[in-house]
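Working notes for the structure below.
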Amino acid sequence: MKVLAAMSGGVDSAVAAARAVEAGHEVVGVHLALSRQPGTLRTGARGCCTIEDSMDAQRAANIIGIPYYVWDFSERFKLDVVDDFIAEYTAGRTPNPCMRCNERIKFAALLEKAVALGFDAVATGHYANIVDDEQGNRELHRAAAWAKDQSYVLGVLTTEQLAHSMFPLGATPSKDEIRAEAAERGLSVANKPDSHDICFIPDGNTRGWLADKVGAEQGEILDRSGDVLGKHEGALAFTIGQRKGLNVGYPTDDGKPRFVLEIRPKTNQVVVGPREALALAEIAGTTFSWAGLDPLASGFISEPGESFECHVQVRAHSDPMPAVARVDAAALDAEGIETGPELVVTPHEPLNGVSPGQTAVLYVGTRVLGQCTIARTVSAVPAQV
């Protein structure tokens, strides 16, 4: 096949590109430039897609022996990832920018351009597997190395995107093996540290970055009954589950610490409560998708609206939790307005510290069935009003 290898400048994508060449494919390497302003992305291998990363990718492509290009996706990245990040926080939700980057940049904008140019597939260094069932339908599965498994951040992929995706590292049992292979191939990135943190926040100070972008205004801190406990200097500075920095006085009436339970951007209020109130009995979202065949076509349910057993994972490195899920055809929002179909997930045991805006990925065994952006949660501990 004709394969476009997305090369971030790290060891994983370099080895993935080399393996695609060895498999007999016609491979072209591409690095995505996501910012036109030097200094807005991190340096020193803390983030990804920096100037240094571009140079590392270039050197790797030269050693592998493939053509190499840099594509400017900075405008699309600002619109679909950075602006989305700001909008989600402004709405009181906790976004996952890496998930959005995979969804809208690496497996939407990049794939669109690749297919338009005649490429059959895009290869990346993600740790995940694609498996064809007996009828030839493509399924996304966890990687062999669960410690490095990245199927969670790929849960946003659609059936069409899976048809043009390639993950050459999926069956590799460990990252150490990838580094050893890179060294044998003479790739200078063999011992390069893994990327982490939010690439478009240079100093890592998310609160300060958000305050600079959208400002901060004093508001009220409430308990679950609506009583005012104190004041805050900006709701965007808080995250669900946060304990420190709450100006509510101590000790509290019951002597227990308080945690952030809810952020209300319309009224600029922060709701706090005891630790046990962080437990959630239900999560749901109207923005959802299936990675391959949906539950009905997969045979997990016999008719629309039925519940099915699954596991739900709400963070990239959290444990999957047993749950049941269903799709409600006509859900209602908090104001009683119909929102259309909603994916509802009920864990067997309550989930803790989960925030609207996060992504819930559903698994059946090792298979990634689909995902939703959490828009609504139901506490497992009713408020005492």
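The values are calculated or read from the model by the stated rules, or taken from the named source; none is laboratory data. Note that the structure is a prediction, hence the values are computed from the model and not measured. Please note: Cβ atoms are built from the backbone with ideal geometry, for glycine as well, and neighbour counts cover all protein chains shown. Just the protein is used for accessible areas: all its heavy atoms, side chains included, with ligands, DNA and RNA removed. Shrake-Rupley method; radii C 1.70, N 1.55, O 1.52, S 1.80 Å.
Some values worked out for this structure:
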| read-out | value |
| --- | --- |
| Whichever residue in segment 58-96 is over 20 Å from THR124 (Cβ atoms) and basic (Lys, Arg) and, among such residues, is modelled with the lowest pLDDT | ARG93 |
| Only listed residue being modelled with pLDDT of 90 or more, open to solvent by less than 40 Å² (accessible area, probe 1.4 Å) and part of a loop (DSSP other than H, G, I, E, B), chosen from GLY292, GLY241 | GLY292 |
| For LEU229: the one exception among (1) open to solvent by 50 Å² or more (accessible area, probe 1.4 Å); (2) assigned to a loop (DSSP other than H, G, I, E, B) | (2) |
| Considering residues of segment 337-376 that are of a type in the set (Gly, Ala, Ser) and open to solvent by less than 50 Å² (accessible area, probe 1.4 Å) only, the residue farthest from ALA128 (Cα to Cα) | GLY340 |
| In segment 143-165, the residues that are under 25 Å from THR287 (Cα atoms), touching a strand residue (DSSP E or B) at 6+ places or on another chain (Cβ under 7 Å) and not polar (S, T, N, Q) | ASP149, TYR152, LEU154, GLY155, VAL156, LEU157, LEU162, ALA163, HIS164 |
| Residue that is touching a strand residue (DSSP E or B) at 6+ places or on another chain (Cβ under 6 Å), in contact (Cβ under 8 Å) with a residue 24 or more places away in the chain and either farther than 28 Å from ILE240 by Cα or part of a loop (DSSP other than H, G, I, E, B) (or both), where the choices are ALA329, ALA323, ALA316 | ALA329 |
| Count of segment 268-289 residues which are open to solvent by 40 Å² or more (accessible area, probe 1.4 Å) and not in a strand (DSSP E or B) | 3 |
| Residues located in segment 181-213, provided they are closer than 29 Å to MET1 by Cβ, open to solvent by 50 Å² or more (accessible area, probe 1.4 Å) and not in a loop (DSSP other than H, G, I, E, B) | ALA183, GLU184 |
| Segment 300-333: number of residues that are touching a Gly at 6+ places or on another chain (Cβ under 9 Å) and exposed (fewer than 12 other Cβ atoms within 10 Å of the Cβ) | 2 |
| Test result for PHE107, modelled with pLDDT under 95, closer than 25 Å to PRO67 by Cα and either surrounded by 19 or more Cβ atoms within 10 Å (Cβ to Cβ) or in contact with a Gly (Cβ under 8 Å, 6 or more places away or on another chain) (or both) | yes |
| Condition broken by THR40, with the remaining ones in (1) at pLDDT below 90; (2) of a type in the set (Ser, Thr, Tyr); (3) part of a helix (DSSP H, G or I) satisfied | (3) |
| Residues within segment 62-86 that are surrounded by fewer than 16 Cβ atoms within 10 Å (Cβ to Cβ), over 15 Å from LEU32 (Cα atoms) and acidic (Asp, Glu), tallied | 1 |
